Amino acid sequence: MLDIPDGVPRLQVLIALCYASLCLANQARHIRTATRKLSDELQRQILPDGGHISRNPGALIELLIDLLPLRQTFAARNIAPPSALLNAIDPHDADAALLPPRRRHLRAVHGMSGTPSDLLATLLAYDDTHGTPMVNMPHTGYQRLDAGAMTVIMDTGPPPPPNVSHDAHAGCLSFELSSGPSRIVINCGMPATGRDNWRGLRRASGTRAAPGAGKLASSEESRS
């Protein structure tokens with residue numbers, strides 16, 4: 001496992017090993033080994049409030065789209081899925097905490113670019129809690145304020161660990177503001193294409209003058 005990048009790629013490899021052991025005959029020993037390794041890694045990477053250690057909201061989508069059918073595969077083999085898998089799938093609806101009303105877009109921060117609407121729709125179809133959002137994610141480092149139709153989601157956490165911070169932004173106290181389904185102030189996020197060319201700029205914390213304002217705005221501060 002040492003040559004596999006930390007974070008989501010490492011979990012995806014362990015998920016694949018679980019699939020392989022479950023789908024092949026006479027693999028009881030490999031099922032136990034793969035399940036134990038996946039459980040250990042999920043407990044390390046999925047934080048107690050349901051967020052991912054990288055603080056990238058998109059990491060949850062990438063992982064859940066694989067973990068949900070894996071849970072069904074365990075059931076098809078009449079094998080109880082590990083508790084770490086169940087906790088990662090149904091933590092406390094961490095995704096909903098990072099979604100505005102009507103749930104169309106995740107926060108564009110820490111490596112997140114545009115929200116993949118097809119994958120998000122698939123995940124929400126499995127949502128038994130109907131997206132009741134958390135207002136406080138102390139471990140992942142996000143706070144949510146709701147007042148009527150207005151929603152503010154603020155980054156209040158420290159940088160993620162260096163080994164999973166390849167796409168992290170210097171965005172402490174950055175925020176996004178929405179009214180109903182309409183986003184008013186948003187972060188630039190990471191572009192879906194040309195990520196290597198833009199990565200350094202999008203991670204920076206330089207300042208610039210905000211048009212029409214007598215103050216400086218962080219480059220990770222939002223744009224409308």
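The values are calculated or read from the model by the stated rules, or taken from the named source; none is laboratory data. The structure presented is a predicted model; accordingly, all values stated were derived computationally and were not measured. Please note: Cβ atoms are built from the backbone with ideal geometry, for glycine as well, and neighbour counts cover all protein chains shown. These area figures cover heavy atoms from the full protein model, side chains too; ligands, DNA and RNA do not enter into them. Shrake-Rupley method; radii C 1.70, N 1.55, O 1.52, S 1.80 Å.
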(request) Can you tell me which residue within region 1-28, out of those that are open to solvent by less than 90 Å² (accessible area, probe 1.4 Å) and either in contact with an Asp or Glu (Cβ under 7 Å, 6 or more places away or on another chain) or among the polar types (S, T, N, Q) (or both), is farthest from ASP167 (Cα to Cα)? (result) GLN27
(message) Tell me the residue from ILE31, ILE65 that is surrounded by fewer than 18 Cβ atoms within 10 Å (Cβ to Cβ) and either out of contact with any Leu (no Cβ under 6 Å at 6 or more places or on another chain) or in a helix (DSSP H, G or I) (or both), please.
(response) ILE65
(message) Go through region 139-159 and report how many residues are among the β-branched types (Val, Ile, Thr) and part of a strand (DSSP E or B).
(response) 3
(request) Scan region 8-30 and report the pairs whose first residue is charged (D, E, K, R) and whose second residue is modelled with pLDDT under 95, with Cβ atoms within less than 7 Å and a gap of 6+ or a chain change. (result) ARG10/MET1; ARG10/ILE4
(request) Taking ILE89 as the residue in question, decide whether it is surrounded by 15 or more Cβ atoms within 10 Å (Cβ to Cβ), out of contact with any Cys (no Cβ under 6 Å at 6 or more places or on another chain) and at pLDDT 85 or above. (result) no
(message) Kindly evaluate ARG71 against the criterion of being outside any helix (DSSP H, G or I), modelled with pLDDT of 85 or more and surrounded by 14 or more Cβ atoms within 10 Å (Cβ to Cβ).
(response) no
(message) Exactly one condition in (1) over 15 Å from the mean Cα position of the chain (by Cα); (2) part of a helix (DSSP H, G or I) is false for ALA25; which is it?
(response) (2)
(request) Taking ILE4 as the residue in question, decide whether it is at pLDDT below 90, assigned to a loop (DSSP other than H, G, I, E, B) and of a type in the set (Val, Ile, Thr). (result) yes
(request) Tell me, please, whether a residue that is acidic (Asp, Glu) and modelled with pLDDT of 95 or more can be found in region 35-58. (result) yes
(request) Tell me, yes or no, whether region 26-39 has at least one residue that is among the polar types (S, T, N, Q) and within 16 Å of LEU64 (Cα to Cα). (result) yes
(request) Answer yes or no as to whether ASN163 is open to solvent by 30 Å² or more (accessible area, probe 1.4 Å), at pLDDT 70 or above and either assigned to a helix (DSSP H, G or I) or under 30 Å from LEU86 (Cα atoms) (or both). (result) yes
